[in-house]
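The block underneath contains the structure these notes are about, expressed in structure tokens.
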Amino acid sequence: RWPELCRRTARFARLASEWNQHLDLTAAAGPDEIAEILVADALVLARHELVHEGERLLDVGSGAGGPALALAILREDLEVSLLEPKGKRVAFLRTVIGTLGLAPRVRAHEGRVEPKKPALPPHVAAATPSFDVSCARATFEPKVWADVGLALAPATLVLLATEAVPDGHAVTASVRYALPLRGSRREIARLGRRA
């Protein structure tokens with residue numbers, strides 16, 4: 001099982017590297033950086049205290065697919081919906097999903113979420129009417145994302161670099177770690193609504 005997961009994750013990184021030569025997927029400057037951007041956070045998110053068994057996850061602003069698409073490769077028990085506003089990136093995500101045989105439990109949708117009135121785009125809500133957990137990386141400031149994410153699902157994952165966990169929410173799990181290449185400190189917190 002582990003060799004197959006490694007093979008599929010490496011194929012995802014190779015596809016990203018190939019597409020990145022012609023399309024602005026990521027600012028990463030080489031295969032090692034691409035792998036770190038796509039996979040490092042996903043390895044932490046794969047922990048069951050952050051993303052529970054069998055959850056339906058919504059990733060907002062998916063970009064090149066990190067970390068949610070890599071998480072879907074690592075955790076076959078999850079249903080993952082990727083939401084990305086740029087059509088060319090959605091085409092890339094759908095190519096990876098098809099190439100790696102991740103459909104139908106992984107879907108890519110074109111669309112966006114507005115922070116002032118957070119709601120699922122109608123076509124996403126029609127495909128998956130509710131989610132258990134939401135996440136976004138570098139799409140919104142963590143404080144903004146905490147409220148937006150909790151408007152979309154009962155739990156949300158906040159990926160933090162130097163920021164503190166946003167106040168006013170229940171922290172149900174938190175993991176601190178460092179990125180392998182850059183050594184940058186990170187934290188992922190799972191937040192819920194306060195009772």
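When nucleic acids and ligands are ignored and a 1.4 Å probe is applied, residue 77 ends up with an accessible area of around 50 Å².
Return the FRET efficiency for the residue pair residue 161, residue 33: r is the Cβ-Cβ distance, R0 is 25 Å, and the value is rounded to the nearest 0.05.
Values: r = 16 Å, r/R0 = 0.64.
So, using R0 = 25 Å, E works out to roughly 0.95.
Averaging 1/r across all pairs of distinct Cα atoms in the range 70-195 and inverting the result yields a Kirkwood radius of 15.7 Å. Between residue 193 and residue 6, the simple label model (points 7 Å from Cα in the Cβ direction) yields a spacing of 4.4 nm. Computed over the chain with a Gaussian network model linking Cα atoms closer than 10 Å, the most mobile of 61, 183, 111 is 183.
Per residue, how much accessible surface does the chain expose to a 1.4 Å probe? Answer in Å², no decimals. Can you show the working numbers first?
Details: 9330 Å² over 195 residues.
Per residue, the chain has an accessible area of 48 Å².
The separation of the range 17-65 from the range 122-195, counted between C-alpha centres, amounts to 15 Å.
Counting Lys and Arg as +1 and Asp and Glu as -1, what is the net charge of the other residues whose Cβ lies under 14 Å from the Cβ of residue 52? Walk me through the numbers on the way to the answer.
Working: positive: 47, 56, 75, 190; negative: 49, 53, 55, 77, 79, 132.
So the environment of residue 52 carries a net charge of -2.
Carbon and sulfur: what percent of the chain's accessible surface (1.4 Å probe)? Display every interim value, and only then the final one.
Numbers: 5000 of 9330 Å².
Whole-percent figure for carbon plus sulfur exposure: 54.
Take the Cα of residue 88, step 7 Å toward its Cβ, do the same at residue 21, and the gap between the two points is 1.6 nm.
The values are calculated or read from the model by the stated rules, or taken from the named source; none is laboratory data. This is a predicted model, so every value here is computed, not measured. In this analysis, Cβ positions are derived from the backbone assuming ideal geometry, glycine residues included, and neighbour counts consider all displayed protein chains. When the accessible area is computed, the model is the full protein with side chains, heavy atoms only, and any ligands, DNA or RNA have been set aside. Shrake-Rupley method; radii C 1.70, N 1.55, O 1.52, S 1.80 Å.
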